[in-house]
Structures are given as structure tokens and as C-alpha cells.
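Beneath this line is the structure, given in C-alpha cells, with notes to follow.
The values are calculated or read from the model by the stated rules, or taken from the named source; none is laboratory data. Since the structure is predicted, the reported quantities are computational estimates derived from the model, not experimental observations. Please note: Cβ atoms are built from the backbone with ideal geometry, for glycine as well, and neighbour counts cover all protein chains shown.
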Amino acid sequence: MGTLEKGATLAMKALPLLLLAIALSSQPAYAEDSVILGRALSHKYIENVETVCPPEYMCVSAWYRWALNAHTTLRGPELSGRVIAARSQHTGFVRSYEKSLRLFVLRPIDDEEQRRLLRADYYILDMSAPREMYCLDNETNQLGIAAEDKFTAPGARDRYCFELPKDDESG
């Protein structure tokens with residue numbers, strides 16, 4: 001086999017790999033999500049932004065713009081201070097629920113037109129419900145807290161932690 005034939009055979013073998021590389025490079029690349037611990041400063045309904053809803057569904061969501069105060073970044077690119085994010089949701093939140101310390105999962109809005117329309121830099125993908133954990137230095141058996149509702153935080157001194165049930169789960 002001559003040099004020219006060897007080169008053609010090698011090119012034919014490499015062609016599928018080259019096509020795969022081209023296909024993968026044309027896929028949309030999303031920036032990395034961030035998980036932050038923070039508080040909402042405000043959230044407001046965004047007027048004149050249509051929610052896309054398939055014809056067979058009844059959609060009752062609307063876009064809201066959230067101003068967040070990012071205290072700590074737990075994962076992903078570092079965020080701190082004031083962050084503006086958008087979220088599709090059914091209704092607004094009461095102010096006390098809004099101000100609770102919680103986790104937010106944020107994804108950068110890559111599409112410049114969408115960022116302009118929502119006037120936000122991130123989507124809120126998820127957020128934790130507000131919860132408070134209480135910890136005591138002494139064993140909690142005498143308090144009537146079920147074993148499955150508490151855990152022991154080991155350390156130099158064990159701490160016995162549990163959540164109190166909420167009266168109103170909606171916040």
C-alpha cells in the first residue's frame with residue numbers, strides 16, 4: 001500500500017471522530033450553575049413577558065424578578081452581594097417567607113435577548129423551603145422528639161439537633 005493510500009485510509013478512519021467533534025461543539029453550552037445561601041431582598045411580577053405554554057396544558061405561571069443577597073456560594077461560580085434572577089412561578093410570596101435564609105440554585109441566562117427581556121442575569125432553578133434547626137447540648141429523649149426527627153451533630157461535644165414542625169407549610 002502506497003503512502004497516498006495509507007493517508008486516505010487514515011482519513012477515512014478519522015472521519016467519524018471528526019464528525020462527532022463537530023456535532024458536540026455545536027451543542028449549546030450552559031454556564032455552570034451556582035448554589036448560594038442567601039436571602040431575597042424583593043420579588044416582583046414582570047409585566048409584558050409571555051409564558052410559553054404548550055396548547056394541551058393549562059399554565060398559570062408568570063415570571064417574577066428576584067433581587068437576592070448572596071451570602072455564601074456553596075457550589076459553582078462565586079456570587080456575592082446583590083444578584084438579580086428570574087423565576088417562573090404561580091404567585092408571589094408573603095414578605096416573611098421571602099426574607100428567610102435559604103438555598104438558591106441559579107443558572108446564568110446565556111441568551112442575551114432573554115436576559116434583556118427578564119432584566120435578570122440568572123434563572124432560579126430551585127430554592128429551599130425555609131427551615132430552622134435547633135440544637136441542644138443535652139440529650140433530647142425527655143422532650144418527646146421522635147428518633148427519626150433528630151440527629152446528633154458529632155464534635156468535641158455532641159449536639160442534639162431537630163426541627164420544630166411548622167404550623168403553616170406555605171411560609
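Just a few scattered comments:
- Selected residue (criterion: modelled with the lowest pLDDT) from residues of segment 62-83 that are crowded, with 17+ Cβ neighbours inside 10 Å and within 19 Å of Val49 (Cα to Cα): Ala62
- Selection status of Asp149, more than 30 Å from Asn69 (Cα to Cα) and within 30 Å of the chain's Cα centre (by Cα): yes
- Glu113 meets all of the listed conditions (1) closer than 30 Å to Arg159 by Cα; (2) not in a loop (DSSP other than H, G, I, E, B) but one, namely (1).
- When Arg116, Arg131, Arg75 are checked against the criterion of being more than 15 Å from the chain's Cα centre (by Cα) and within 29 Å of Cys161 (Cα to Cα), Arg131 stands alone in meeting it.
- Subset of segment 95-116 (residues that are farther than 19 Å from Tyr45 by Cα and at pLDDT 90 or above): Leu103, Val105, Arg107, Pro108, Asp110, Asp111, Glu112
- Search result, residues across segment 117-132 that are at pLDDT 75 or above and at negative phi: Leu117, Leu118, Ala120, Asp121, Tyr122, Tyr123, Ile124, Leu125, Asp126, Met127, Ser128, Ala129
- Annotation note: Cβ proximity below 8 Å between a residue of segment 101-121 that is without any contact (Cβ under 8 Å) to a residue 24 or more places away in the chain and assigned by TED's automatic domain parsing to the domain that holds Tyr64 and a residue that is part of a loop (DSSP other than H, G, I, E, B) and surrounded by 12 or more Cβ atoms within 10 Å (Cβ to Cβ) (sequence gap 6+ or interchain) occurs for Ile109/Ala120; Ile109/Asp121; Arg115/Ile109; Arg115/Asp121.
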